[in-house]
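Reading through the structure tokens given below for one structure.
The values are calculated or read from the model by the stated rules, or taken from the named source; none is laboratory data. Just so you know, these numbers come straight off a predicted model, no measurement behind them. Neighbour counts are summed over all protein chains in view; Cβ atoms, including those assigned to glycine, are modelled from backbone coordinates with ideal geometry.
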Amino acid sequence: MRRRAQTGPRHLLEPGPDAQQRRQLFEAAATAPDHGQILPWRFVLIGEQARARLGEAFEQALLERDPDAGEDERGRARGKASRAPFLALAVVREGGDGQDHIRPHERMVSLGCALQNLLLTAHAQGFGAGLVSGLAMDSRALRACFALGEHERAVCFVAIGTPARAREPRPKPAPERFVSELAP
Ligand SMILES: Cc1cc2nc3c(=O)[nH]c(=O)nc-3n(C[C@H](O)[C@H](O)[C@H](O)COP(=O)(O)O)c2cc1C
């Protein structure tokens with residue numbers, strides 16, 4: 001846990017997790033706390049064959065923000081889909097399922113726990129891993145590409161692979177910075 005550090009997708013190379021390791025990753029995600037056991041999140045794997053499609057969605061998302069984007073910028077946007085041997089989109093369901101007493105932020109906490117379990121398992125397997133979001137996440141193009149439902153939100157991508165270089169964990173905030181005590 002202490003050794004985990006973000007590795008960006010561009011530094012994640014082959015080999016990535018095999019089928020058995022991928023199963024372990026998702027089984028670890030499934031151990032996340034889940035108020036009401038409503039499974040308010042899902043992951044969509046982006047296999048080798050689907051990378052070009054994701055690249056087109058990134059390019060379209062860029063054009064939504066900037067219709068005048070040039071070919072260089074569009075090529076860079078497309079290229080982001082080709083990084084990391086394992087790439088999956090994490091999606092949260094914020095409501096719309098008759099369980100509205102479980103609020104969107106509680107659902108997000110459950111996804112956060114699932115993501116952390118997945119990241120820690122990837123590191124225990126000897127891989128590097130990272131989370132990536134960015135401006136495309138709420139775009140019409142990305143939502144259409146992943147056929148997101150009305151109440152679903154794309155949160156981030158999870159990228160896993162063999163790190164090109166060892167990454168030292170960052171200095172962590174001391175507990176005094178985020179722990180206080182309720183006055184009696
Ligand atoms: C939901 C989420 C989205 C993230 N998106 C990005 C991103 O787009 N680009 C990036 O470099 N890091 C992203 N990160 C990773 C953080 O930058 C990273 O966790 C932070 O810098 C702390 O570093 P550490 O994970 O090595 O401790 C994201 C983290 C979370 C939780």
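Residue-by-condition table, conditions (1) under 23 Å from PRO163 (Cβ atoms); (2) not aliphatic (A, V, I, L, M):
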residue	(1), (2)
ARG23	yes, yes
THR31	no, yes
GLY36	no, yes
LEU45	yes, no
ARG53	no, yes
ASP72	no, yes
Within the range 67-105, can you find the residues that are out of contact with any Leu (no Cβ under 9 Å at 6 or more places or on another chain) and within 16 Å of the ligand (Cβ to nearest atom)?
GLY79, GLU94, PRO104, HIS105
Flagged in the range 23-60 as charged (D, E, K, R) and in contact with a strand residue (DSSP E or B) (Cβ under 7 Å, 6 or more places away or on another chain), in numbering order, are ARG42
Output the residues belonging to the range 130-140 that are more than 9 Å from the ligand (Cβ to nearest atom) and of a type in the set (Gly, Ala, Ser).
ALA136, SER139
Pull up the range 153-172, narrow it to residues that are more than 24 Å from GLY134 (Cβ to Cβ) and modelled with pLDDT of 95 or more, then point me to the one that is surrounded by the fewest Cβ atoms within 10 Å (Cβ to Cβ).
PRO171
Only listed residue being farther than 30 Å from ARG4 by Cα and surrounded by 19 or more Cβ atoms within 10 Å (Cβ to Cβ), chosen from ALA61, ALA77, ALA129
ALA61
Do we have PHE86 as surrounded by 15 or more Cβ atoms within 10 Å (Cβ to Cβ) and in contact with a Pro (Cβ under 6 Å, 6 or more places away or on another chain) here?
yes
Test ALA183 against the criterion of being more than 19 Å from the chain's Cα centre (by Cα) and more than 9 Å from the ligand (Cβ to nearest atom), and give yes or no.
yes
Taking GLU150 as the residue in question, decide whether it is surrounded by fewer than 18 Cβ atoms within 10 Å (Cβ to Cβ), charged (D, E, K, R) and at pLDDT 95 or above.
yes
Would you confirm, using the coordinates I've provided, whether SER110 is within 14 Å of the ligand (Cβ to nearest atom), among the hydroxyl-bearing types (Ser, Thr, Tyr) and within 30 Å of GLU59 (Cα to Cα)?
no
All conditions in (1) within 14 Å of the ligand (Cβ to nearest atom); (2) surrounded by 18 or more Cβ atoms within 10 Å (Cβ to Cβ); (3) outside any loop (DSSP other than H, G, I, E, B) are true of ARG143 except (1)
What single numbered condition from (1) more than 15 Å from VAL44 (Cβ to Cβ); (2) more than 13 Å from the ligand (Cβ to nearest atom) fails to hold for LEU148?
(1)
